[in-house]
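The values are calculated or read from the model by the stated rules, or taken from the named source; none is laboratory data. The structure presented is a predicted model; accordingly, all values stated were derived computationally and were not measured. Note that each Cβ is placed from the backbone with ideal geometry, even for glycine, and that neighbours are counted across all protein chains shown. Remember, those area values only see protein heavy atoms, side chains included, never the ligands or the DNA or RNA. Shrake-Rupley method; radii C 1.70, N 1.55, O 1.52, S 1.80 Å.
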Amino acid sequence: MSARTAEPTSEKEASPVSGNIVVAGVGGQGVIMASNVIAQVLLDAGFDVKKSEVHGMSQRGGTVVSHVRFGHDVHSVTVEPGTADWVVAFEWEEGLRALPYLADEGVAFVSTERRLPPASMSDHRGGALAYPAADASPRGVVAIDTAAVAGDAAATRAAVAQTVLLGAVAARLPFPAEAWHTAIRSWVPPKTVEENITAFERGRAHKPASPTRLRQAPVVARPPALVSIEAAWCKGCNICVAVCPERCLELDRFDVAVFAHPERCTGCQLCSWLCPDLAIDVSYQAQEEHVHAAAGPR
Amino acid sequence: MSSTLLSGNEAIALGAYHAGISVATGYPGTPSTEVLEYLARISPAGDVDVEWATNEKVALDVAVGAALAGARVLVTMKHVGVNVAMDSLMTSAFLGVRGGLVVMSADDPGMHSSQNEQDNRYVGRFAGIPVFEPADSQEAYDFVRAAFDVSEEWDLPCMLRTTTRTSHARSSLEAGDRLERPAASGFERNPSKYVMLPAFARRRHAVHIERLERMREWAEHSPLNAQEIRSRDVGVITSGIAYHNVREVLPEASVLKLGVAFPLPEDLIRRFAAQVQRLIVVEELEPYLEDEVRRLGIAVEGKKWFPRDGELSPEEVRKGFEKAGLLDQRPPAAARPAPAAGPRPPVLCPGCPHSTPFLALRELDAVVAGDIGCYTLAAGPPIAAMDTCLAMGSSIGMAVGLSLAGVPGQPVVATIGDSTFLHAGVPALIDAVHRQADVTVVVLDNGITAMTGGQPHPGVSVGIRGETLPRADIVELCRAAGVHSVTVVDPYDLAATRRAIREATGRRGVSVVVTTRACVEAPVKSRGPVYTVRAELCDGCQACMGLGCPAIAWDTDAGVSPPRVRIDASLCSGCTVCAQLCPNRAIVSVHEEVPAAAAGGAL
């Protein structure tokens, strides 16, 4: 219990008098729905509640952060950095991004689910993934493999797995499970009520073990392919320049295709296949062995 | 107290409904959109005529007309939408109203979903109409009701100015009941008031100036402006969301909270200033109040400590008070490892029909004048095929300008969505034809206003309540404007889209390509059979990654480079475009996938 609490009472857990919760994730994951559930529980418990998030562009697969604040009389609608008692994150990277909100003694429940943003995969040749690996969880973070904890509750709808995190938070708050069930019923789509409540209960019962390791296989780079162009056969039709996914080719001042950016080439051979004059050859034989050796048994 | 939390936008809708409105209109724009949507949900069709307008100016004109006939009218738009309505707004105060007219301007400090962060309090003052500024949902509800009363009492349109945080934040509120108003009594002729010929307008301007003078007295006594005297050491003048952040961060300060940003209660400000040692204005965006206070000859601080751009979050208010020496520096939170999170910009949805036209344009190395909508996201990598974006409907005019000035060796193309085309693209297209400009206009027709969450527009045959309505035909509009070359193509057919755009850009004069395919997300989520990668055929060429589809990601477990890809079945819409891009035919429908391939794959 890390929220500012009243004097301990005879109850099992002291009731918080105020608190800040940040729910984070990727657009489409149900962040806003989850924060609606949390807000409903707090409101039904008699708190003044304010909740704020930004709609609009961030829903298009971007970062979504919802702030929930409760207390006797809440003013600001957003949580100041370093003051969140709980962070609930539906996605690993978004959990890390939201960590600056967390108070010193705060707890972040972060799903180990990864949603790789297209921007993290822009090194098409080298294959370096711009996504935070997690060998160990940062301080204050409880990493939860939501899909594993949810089990068959998320079999039909993968998004249901994140309701596990609501259960994890609920286990730290002194509100009865029925209050959460009621709130879940009133906010999730009717068809998904039962599986959400199952996932919630599994999250509530879940005892987080040692920090979960996130799998991330090492990247084995291979050298760029070599695109050789028979200049005498090239008539400057521009097809290869237009089709190259990495824009490696250009026409020179004689309208002959040249391999201008070998550092970007992934060796896809599209230019070679589509050249009407068979003027392009892509060689990467030496690398084949390299790749197979690196991949090992699959 | 309500048993549920209402957003500021929902509170405005409820407040307007309870104020007895019978007409509501607007154009979608974040953060204003939910007002009309919520209103359509909570009000019976017989009570309120709610419908999206073609653009904000049309919406305001409809509203002024309805107000002249005696109806109470709400009209909603985002801050930049007010610019579109500006022509009508500036003169609307001369005509006045009979039924109350409230214009909601939803500003977007921090530009969460906008191209600028203009402060529309100035617009209200410029047009000479009262500006109401609520700070939370309860005030949004109360102020909109008050604004309707003021509008009728003073024969003026009123502006209700919100910001993203007041519009979208949820808090509880106590609501009253709907005011029963007599039905609108019809239009009464009054040319000297309603026909703004110069002779009449001159008289109306004088009337308006005199009325604003009298309104100053009203502002002095409006209960929406309130003093809270606490410490005499420091007094803060504030408004809107900044009020709550001041109360949060500096609870002991005396506060003058201004619920009316125009006209300002000058005597009240003077009285408040006289009671405190040090006077500070805390306001989001421009130094609007600060300049006004200084104009009264009162010593005041403000933007010296607080930023003029972005949202005035509690942390920014705290920093400002720290700089001003009113708060001790807060000890920094125990060091946490700097978050290693990379950027996650919004992207086009899986299956978005806007992707392929931009792939085709990139292949042509076209100079692309873009516009406002989801497709503006095609400006970012990996598609990166948009070169300009200015304002609603600007793409066509800018393309004409680019082509007039000359762009040697590159086709000049405007890309514009269906809703934006009807909003402000049609006059520009007529202009382009008349000038014989060499431009291609690609109308990205997904049958919805998608960026704002999926609102119908006059180009589709449904209304906001789901009712069937007549619609404008984009292809016929283009032909009627004088475009001879109008091609309609399905953007899911990559080859046909490439061909149509290539042929259109090769033509002289204005050519139009309409890419027609319903938005994958709205009004219904469209899902076909999902696609999968046959791992043994994928050689990591990354051709599909050029699409930027969020459902396609690297198979990071395979540990090879270039990385093989896989498709997240829970995100795939089955649009088939990646399968068309794959040179190895490694991407297939799950129905085509042979079991052996599945066994061999690393999935």
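Tabulated data
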item: Heavy-atom accessible surface that B and A bury in contact, both chains counted, 1.4 Å, Å² to 100; result: 6400
item: Fraction of accessible area attributable to carbon and sulfur, region B:68-194 (%, probe 1.4 Å); result: 49
item: Average accessible surface area per residue within the protein assembly as shown, 1.4 Å rolling probe, Å²; result: 39
item: 10 Å-binned pair-distance histogram of region B:207-312 (Cα, whole percent); result: 15, 49, 29, 6, 0
item: For region B:91-140, residues shielded by at least 30 square angstrom of accessible area compared with the chain on its own, probe 1.4 Å; result: B:112, B:113
item: Area of residue B:433 that stays accessible when all protein chains are in place (1.4 Å probe, Å², to 10); result: 40
item: Assigned charges on the beta-carbon of Lys, Arg, Asp, Glu; region B:268-316 dipole about Cα centre (debye); result: 500
item: Within the accessible area of region B:442-582 (1.4 Å probe), percent carbon and sulfur; result: 53
item: Sequence of B:107, A:44 from largest to smallest accessible area, 1.4 Å probe; result: A:44, B:107
item: Theoretical FRET efficiency, 1/(1+(r/R0)^6), r = Cβ-Cβ of residue B:569 and residue B:495, R0 22 Å, to 0.05; result: 0.25
item: At least 20 Å² of accessible area lost relative to the chain alone, listed for region B:170-198 with a 1.4 Å probe; result: B:170, B:171, B:172
item: Exposure rank, largest accessible area first [B:284, A:194, B:51; 1.4 Å]; result: A:194, B:51, B:284
item: Shielding score for A:70-79, defined as the mean number of other chain Cβ atoms within 10 Å; result: 6
item: Cα gyration tensor shape of region A:66-184, rounded if a/c is under 1.5, else prolate or oblate by comparing a/b with b/c; result: oblate
item: The protein assembly as shown, helix-only ellipticity at 222 nm - DSSP H runs n ≥ 4, -39,500 (n - 2.57), divided by all residues, nearest 500; result: -9000 deg cm²/dmol
item: Amide H contacts under 5 Å for residue B:441, placed H, 5+ residues apart; result: B:414, B:511, B:512, B:513
item: Integer Hz, Karplus 6.51/-1.76/1.60 couplings in order for region A:149-160, x for Gly and Pro; result: 5, 5, x, 6, 4, 9, 4, 7, 10, 4, 5, 4
item: For region B:433-534: rounded, prolate or oblate by the Cα gyration tensor [a/c cutoff 1.5]; result: oblate
item: Sequence-distant lysines (8 or more away, or on other chains) whose Cα lies within less than 21 Å of residue B:78; result: B:57
item: List B:239, B:526, ordered by accessible area with a 1.4 Å probe, largest first; result: B:526, B:239
item: Per-bin percent of Cα-Cα distances, region B:491-603 [5 Å]; result: 2, 11, 19, 20, 17, 11, 9, 6, 3, 1, 0, 0
item: Sequence-distant residues sharing a close amide H with residue B:565 (under 5 Å, placed H); result: B:540, B:555
item: Dipole-positive endmost among B:451, B:154, B:190 within the protein assembly as shown (Cβ charges, Cα centre); result: B:190
item: Global form of the protein assembly as shown, assessed from the alpha-carbon gyration tensor, a/c cut-off 1.5; result: oblate
item: Surface accessible to a 1.4 Å probe, residue B:177 within the full protein complex, Å²; result: 120
item: Built amide H within the under 5 Å cut-off of residue A:64, gap 5+; result: A:25, A:26, A:27
item: Set of lysines near residue B:323 by C-alpha distance (under 18 Å), chain-local residues within fewer than 8 positions excluded; result: B:303, B:304
item: Efficiency of FRET between residue A:128 and residue B:537 - r from beta-carbon atoms, R0 22 angstrom, step 0.05; result: 0.35
